[in-house]
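**Student:** Please see the structure below; I have some questions.
What follows is calculated from the coordinates using simple rules that are stated; it is not laboratory data. Everything numeric in this text was worked out from a predicted model, so none of it was measured. Cβ: placed from backbone, ideal geometry, glycine included. Neighbour counts: every protein chain shown.
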Amino acid sequence: MTGSSFTVLDQRLEYRWIQGLDPAAPPLVFLHEGLGSVSLWRDFPDRVAAATGCPALIYSRRGFGGSEPLTPPYRRPRDYLHHEALAVLPRVLDHFGLHRPILFGHSDGASIALIHAGGAGRPVAAAIVEAPHVVVEPETLTGIRAAQAAWHTTDLPQKLARHHHHAEATFRGWADTWLHPDFHDLDIRAMLPGIRCPVLVVQGENDEYGTVAQVDAVVRRVSGPADSLIIPQCGHSPHRERPAVVLDATLTFLDRQLAGLDG
């Protein structure tokens, strides 16, 4: 968990930059899951960048990876996804001079990508969203409670400590937020009609945190073209569990939707 950092809104954030091969290609921006970080993306961003020629930015939000840690109480505000999408992400893009990005979000990061594309009033070339949370389902809470039990009974703390400088604060910032009753009415469906860029929604058939109703809500409500991919025998993290399938779907989607797009 070593690397570069930058500061926006008085937050020091860890990041990694991949230089693209095509100077005219739109930049990729990777937005991680609720327990993710720069390092947990592993080499998947490198593979997408190499195959597309696009430059890529990967960063850890506050409280994750090597970024500035959360302070007690660790539970985040109920509007934290909107804050990340509409306040933090625009400043991240401005800091790096990135215009009309391709957003690739996973789980919480997928929700952030959708909120940004639908409500920030900024151009987005395309959005690829894995396992987005559009509403809170019973399956979501069941999955988080199972992770909470695993935190106390398995080596999950040690595993997370490989990717987060402050693993307990990271875990509590995720679990305590999602399990608090104030968060159970999360509903970003009203943001979806504002999305006019092409969208690809990817979800594992056996996702432990949500059902295909999340996928259907996105595909039905966005204003732009939308494709979906449900991957059999796959859980919540398709890019880690089935990377070749997700990479192929991503490249096919971008080739079709963004042909001739200027950078």
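**Student:** In what sequence, highest mean first, do 21-33, 64-76 appear when ranked by Cβ atoms within 10 angstrom?
**Tutor:** The packing order, highest mean first, is 21-33, 64-76.
**Student:** A further question on this structure: Hand me the trypsin sites (Lys or Arg not before Pro) from segment 179-226 located in a DSSP loop with no more than 16 other Cβ atoms within 10 Å, in residue order please.
**Tutor:** ARG196
**Student:** I want the local charge near ARG145. Using Cβ-Cβ distances under 15 Å, sum +1 for each Lys or Arg and -1 for each Asp or Glu among the other residues.
**Tutor:** Charge balance near ARG145 sits at -3.
**Student:** Right, here's the next one. Just rank VAL136, VAL215, fewest to most, by other beta-carbon atoms within 10 angstrom.
**Tutor:** Sorted ascending by nearby Cβ count, the order is VAL136, VAL215.
**Student:** Further question on the same structure: Sort out for me the Cα centre separation of segment 51-92 from segment 146-168, rounded to whole Å.
**Tutor:** One Cα centre to the other: 20 Å.
**Student:** As a footprinting exposure proxy, order HIS99, HIS236, HIS133, HIS106 by other Cβ within 10 Å, with the fewest listed first.
**Tutor:** Ranking HIS99, HIS236, HIS133, HIS106 by Cβ neighbours within 10 Å, fewest first, gives HIS99, HIS236, HIS133, HIS106.
**Student:** Another question, if that's okay. For ARG196 and HIS99, FRET efficiency with R0 = 25 Å and r from the beta-carbon atoms, rounded to 0.05?
**Tutor:** Efficiency at R0 = 25 Å is approximately 0.95.
**Student:** Right, something else. Run the paramagnetic zone check for ALA146: 7 angstrom along Cα to Cβ, then residues of segment 201-217 with backbone nitrogen under 16 Å.
**Tutor:** Output list for this probe position: 204-212.
**Student:** Also, quick follow-up: How do GLU208, GLU84, GLU14, GLU130 rank when sorted from fewest to most other Cβ atoms within 10 Å of their own Cβ?
**Tutor:** Listed from fewest to most nearby Cβ atoms, that is GLU208, GLU84, GLU14, GLU130.
**Student:** Ok, one more. For ARG42 paired with ARG220, estimate the spin-label separation in nm (one decimal), with each label point 7 Å from Cα along the Cα-to-Cβ line.
**Tutor:** Simple spin-label model gives 3.4 nm for this pair.
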